[in-house]
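The values are calculated or read from the model by the stated rules, or taken from the named source; none is laboratory data. Small disclaimer: the values here were computed from a predicted structure and weren't measured. Note: areas computed on protein heavy atoms with side chains; ligands, DNA, RNA excluded. Shrake-Rupley method; radii C 1.70, N 1.55, O 1.52, S 1.80 Å.
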Amino acid sequence: MLLPDLAEKIIAEVRKFLHEDIIVANTSGVIIASTDPSRIGTFHEGAFITVKNKDKIIITNEDQLRLQGVKAGINLPIFFKGETAGVIGITGDPVRVSSFGEIIRKMTELFISESYYAEQLDWQARALEGFMFDWLQTKEWDPSFRERAHLLKINLTIDRQVSIAEFKQNHLLMHRDLWNSILSWKEARQQDLIIRWGNDRIVLLSGISSSNNDISSKDKVLRFHRFLESLLSVQVCIGTGKRMSPSNLPDAFRQAERALKIAKERGKVILDEDLTMEMIFDDLSAETKNDFIDRTVGSIIHEQDLMLTLKELFKQNHSLKNTAEALHIHINTLHYRLKRIYELSGLHTSNIEDLIKLFLAIRLLEEYTKNS
């Protein structure tokens, strides 16, 4: 059924080429859009006859006197999928405007078709996002869930790998043509799913079976990363989880989110399987992190010279000579500061266990600063 919003867009498009009065009527003969707002909502008998006969009619000056709500011109049926979707009418001398008729009708039908398939694309994107959300929340798959998967052509029997791409919010992503280009990524396999996730994220849900293991996961994600950055013209960060069974998708998604968090800090692609210390940090509660910082560097946290010295010491791989040079201080001054750190914190930088504690505390503080 032809709706008023689409009808108004049709008129706007036709007016770019033809400056006559135009109406669009529905299959009941009611005008739903017009260059003359006063005609909207009125009955157009000529449009009603056009729908009934499924053929163009010419309305003469004489017809204006006997047919309700008409003006001289032509009425053309609009077809979509073999059915009459509505009528477009052009007011004016029938002989003169008829020459535009077939072109206008074809253009209108193409516009309706394009709008329909664009709406289908939007529906598909929303349906996939909704299904993905339920997939992450549902512990047991009932028949309804499986039926939705079937309708969306999602294979629930193969392993999956989740990659989450995040980028600086770009309104162009919502443009249908651009989103269609993303969905048409030529390296996506038949079982892969590309899902819009909010306004600034895209999920690549890779389907992995025994027959498509020829390209490594990292290579594929790197190629997807290059593709997105080229297409969107913004920096894109991607976090990727490990291969998991479809029933363990929530775990795979959490891994991808954890990797994405690190990827955003480093501005690149990070695979969860490459994470080490970050795994520990991610599992710690904020309260535990704060307690650890307080018990290690809490006594020196406001001593700027001492904190700067510690950070530089780790940056220089515990080289005292390089640390002193980087800080532009005498080596004796460095020894004094390290001694003060021990006096205030009870942790000595020459003791490996104490050194690890100080290193972890500095890393946790850096993480806190980045997230605040």
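Across the protein chains, with a 1.4 Å probe defining accessible surface, the residues Glu8, Glu140 rank Glu140, Glu8 from largest area downward.
Dimensions of the stretch 221-297 based on its C-alpha atoms, expressed as ranges along the principal axes with the largest first, amount to 48, 33, 17 Å. The largest accessible area among Met307, Met107 belongs to the first residue in Met107, Met307, and the rest follow in falling order (1.4 Å probe, all chains). Rolling a 1.4 Å probe over the protein chains gives His150 an accessible area of about 130 Å². A 1.4 Å probe, protein heavy atoms only, puts the accessible area of Tyr117 near 130 Å². The alpha carbon centroids of the stretch 36-110 and the stretch 216-267 are separated by 53 Å.
Surface calculation, 1.4 Å probe, protein heavy atoms: Ser38 sits at approximately 90 Å² accessible.
Among complete DSSP H helices in the chain, none has alpha-carbon atoms stretching at least 24 Å along the helix's long axis together with a mean Kyte-Doolittle hydropathy reaching 1.0. Let me know the shape class of the stretch 185-265, please: from the alpha-carbon gyration tensor, a ≥ b ≥ c as square roots of the eigenvalues, rounded when a/c is under 1.5, otherwise prolate if a/b is greater than b/c, or oblate. Cα axes put the stretch 185-265 in the oblate bin.
Could you tell me whether the stretch 37-170 comes out rounded, prolate or oblate from its Cα gyration tensor? Rule is a ≥ b ≥ c as square roots of the eigenvalues, rounded for a/c under 1.5, then prolate if a/b exceeds b/c, otherwise oblate.
prolate
Look at the Cα gyration tensor of the chain: its axes a ≥ b ≥ c give a/c of at least 1.5 with a/b over b/c, and that counts as prolate.
Computed on the chain, with alpha-carbon pairs under 8 angstrom and 6+ residues apart, the relative contact order is 9 percent. Each of Phe314, Phe17, Phe100 has its accessible area taken with a 1.4 Å probe; listed largest first, they run Phe17, Phe100, Phe314. Across the stretch 179-326, the mean sequence separation of Cα contacts (distance under 8 Å, 6 or more residues apart), normalised by length, yields a relative contact order of 13 percent.
Accessible area per residue for the chain is 56 Å², calculated with a 1.4 Å probe on protein heavy atoms, without ligands, DNA or RNA.
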